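Participant: My questions all concern the structure below.
The values are calculated or read from the model by the stated rules, or taken from the named source; none is laboratory data. These numbers were taken from a predicted model, which means no experiment stands behind them. Ideal geometry is used to build each Cβ from the backbone, glycine not excepted, and the neighbour counts take in all protein chains shown.
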Amino acid sequence: MATALTIDYSVGDTVYVTYPFPDSLYFTPTSRVVSKIELTAAADVATVSFTSGNQVIDSDSTQRVYLTETLAATAIVSDVVTRSAAAVALDSTTSIASTAGNASTTLGRIG
């Protein structure tokens, strides 16, 4: 059974978009003006079109459209960390240390 999709923007709003990897805009929160929102209730997704730039599929589980640049940037960094954590082992002298004082084996965000 589908749940209700939550969207906090409407046509005409300026939003910040995170384009999915490997799009050339993947690392940049991109300002866009919403021109159309097509809801697919059965899948709980919205296809969001803009006055310029490619459309995105937005959902509660894979959010692509944000009201602030900071939220979009945070989502991009979180995605980068998730995608790269398995390939990274940080040095204990420069990384976030565990409570046991051992080196972290994953990336982390301070602050």
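Participant: Starting from the range 50-74, keep only residues that are under 19 Å from residue 35 (Cβ atoms), then list their pairs with residues that are acidic (Asp, Glu) and part of a strand (DSSP E or B) whose Cβ atoms are within a distance under 6 Å, requiring at least 6 positions of separation or different chains.
Facilitator: As it stands, the answer is 64/58; 65/58, since those pairs meet every condition given.
Participant: As an exercise: evaluate residue 39 against (1) of a type in the set (A, V, I, L, M, F, W, C); (2) over 10 Å from the mean Cα position of the chain (by Cα); (3) buried (at least 17 other Cβ atoms within 10 Å of the Cβ) and give the number of the one condition it does not meet.
Facilitator: Of everything listed in (1) of a type in the set (A, V, I, L, M, F, W, C); (2) over 10 Å from the mean Cα position of the chain (by Cα); (3) buried (at least 17 other Cβ atoms within 10 Å of the Cβ), residue 39 misses just condition (3).
Participant: Filter the range 10-23 for residues that are surrounded by fewer than 11 Cβ atoms within 10 Å (Cβ to Cβ) and at pLDDT 95 or above and give the result.
Facilitator: 10, 12
Participant: Among the residues of the range 12-25, which ones are within 13 Å of the chain's Cα centre (by Cα), among the hydroxyl-bearing types (Ser, Thr, Tyr) and outside any strand (DSSP E or B)?
Facilitator: 18, 19
Participant: Could you tell me whether the range 35-54 includes any residue that is modelled with pLDDT of 95 or more, within 21 Å of residue 75 (Cβ to Cβ) and touching a Gly at 6+ places or on another chain (Cβ under 7 Å)?
Facilitator: Within the range 35-54, not a single residue is modelled with pLDDT of 95 or more, within 21 Å of residue 75 (Cβ to Cβ) and touching a Gly at 6+ places or on another chain (Cβ under 7 Å).
Participant: Test of understanding: among 6, 28, which residue is more than 15 Å from the chain's Cα centre (by Cα) and either free of Cβ contacts under 8 Å to residues at least 60 places away in the same chain or assigned to a loop (DSSP other than H, G, I, E, B) (or both)?
Facilitator: 6
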